[in-house]
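Down below is the structure, laid out as structure tokens.
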Amino acid sequence: MIGESVITVRNARVADAAAITAMVNRYADDGLMLPKTLMEVYEHVREFVVAVDEDNQVIGCGALRIMGIDLAEVRSLATVQEAQGRGVGSRIVEALLDEARTLGLHRIFALTYQIKFFERLGFRIVERHGFPEKVWADCKDCRKRNCCDETAMIRFL
Ligand SMILES: CC(C)(COP(=O)(O)OP(=O)(O)OC[C@H]1O[C@@H](n2cnc3c(N)ncnc32)[C@H](O)[C@@H]1OP(=O)(O)O)[C@@H](O)C(=O)NCCC(=O)NCCS
């Protein structure tokens, strides 16, 4: 029972990659996230933190991708459906923000539909056109690229 178990947030391991991929692609099927291949997750596994239960099952994940001298993106954020609403996603974002502070980053952004969730974590809505080109590199593969309805949000550290 996830609700009563101890949840740990830690850096991802290579062995977590399959679970991360499955979780992200489950939400990608609903159009909430961009799909990922297992190889893409392997390549970027060092960007990820995961939340695991007592049995070391991955119940949440998120990644921090550096985009410039003081800019990074929170991406691939997901919590399995049965564990949502219990603070797992918030703990993952807090862990990524801690890492961003350690790296000396000052601006952390997300492109999201989860506006209330990110507002509660100190993010504010911003005009999306202020971000550098490379932020939009993934958009070329998105089926909504010409009608993107995600909101850009930023947190200053
Ligand atoms: C967005 C997402 C990662 C949030 O994960 P989560 O683990 O449910 O996040 P939390 O539990 O920390 O917060 C969710 C809500 O539960 C509430 N909550 C947190 N801890 C709680 C607790 N102990 N008791 C009751 N409610 C709680 C929070 O207030 C929050 O409400 P809000 O969204 O209105 O701010 C998750 O909904 C998800 O995977 N969504 C699908 C994929 C997606 O959209 N990803 C985002 C891409 S940017």
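The values are calculated or read from the model by the stated rules, or taken from the named source; none is laboratory data. Quantities reported herein were computed from a predicted structural model and do not represent experimental measurements. So basically every Cβ, Gly included, is an ideal-geometry build from the backbone, and we count neighbours across all protein chains shown. Surface accessibility is based on the protein's heavy atoms, side chains included, excluding ligands, DNA and RNA. Shrake-Rupley method; radii C 1.70, N 1.55, O 1.52, S 1.80 Å.
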Filter result for A51 (touching a residue at least 12 places away in the same chain (Cβ under 8 Å) and either under 22 Å from A12 (Cα atoms) or buried (at least 19 other Cβ atoms within 10 Å of the Cβ) (or both)): yes
Residues being in contact (Cβ under 8 Å) with a residue 12 or more places away in the chain, in a helix (DSSP H, G or I) and within 15 Å of the ligand (Cβ to nearest atom) - total across the range 85-133: 16
Checklist (1) touching an Asp or Glu at 6+ places or on another chain (Cβ under 7 Å); (2) more than 19 Å from F109 (Cα to Cα) applied to M67, failing item: (2)
Residue that is modelled with the lowest pLDDT [pool: residues in the range 143-154 that are closer than 14 Å to G130 by Cα and not small (G, A, S)]: T151
Within the range 1-27, tally of residues that are closer than 22 Å to C148 by Cβ and either touching an Asp or Glu at 6+ places or on another chain (Cβ under 8 Å) or buried (at least 19 other Cβ atoms within 10 Å of the Cβ) (or both): 1
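Let me confirm something: among D70, D30, which residue is open to solvent by 10 Å² or more (accessible area, probe 1.4 Å), away from the ligand (no atom under 12 Å from the Cβ) and over 14 Å from the mean Cα position of the chain (by Cα)?
On inspection, the qualifying residue turns out to be D70.
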Exclusive hit being within 16 Å of V93 (Cα to Cα), under 12 Å from the mean Cα position of the chain (by Cα) and not hydroxyl-bearing (S, T, Y), set A63, A12: A63
Criterion violated by C61 - all others in (1) within 12 Å of the ligand (Cβ to nearest atom); (2) of a type outside the set (G, A, S); (3) touching a residue at least 12 places away in the same chain (Cβ under 8 Å); (4) surrounded by fewer than 19 Cβ atoms within 10 Å (Cβ to Cβ) satisfied: (4)
Criterion: closer than 21 Å to E150 by Cα and acidic (D, E) - qualifying residue of D30, D53, D70: D30
Candidate set: the range 33-49, residues that are more than 12 Å from R75 (Cβ to Cβ) and part of a loop (DSSP other than H, G, I, E, B); chosen: the one farthest from the ligand (Cβ to nearest atom): T37
Evaluation of A78 against (1) under 23 Å from K140 (Cβ atoms); (2) of a type in the set (A, V, I, L, M); (3) in contact with a Gly (Cβ under 8 Å, 6 or more places away or on another chain); (4) more than 8 Å from the ligand (Cβ to nearest atom) (one fails), failing number: (4)
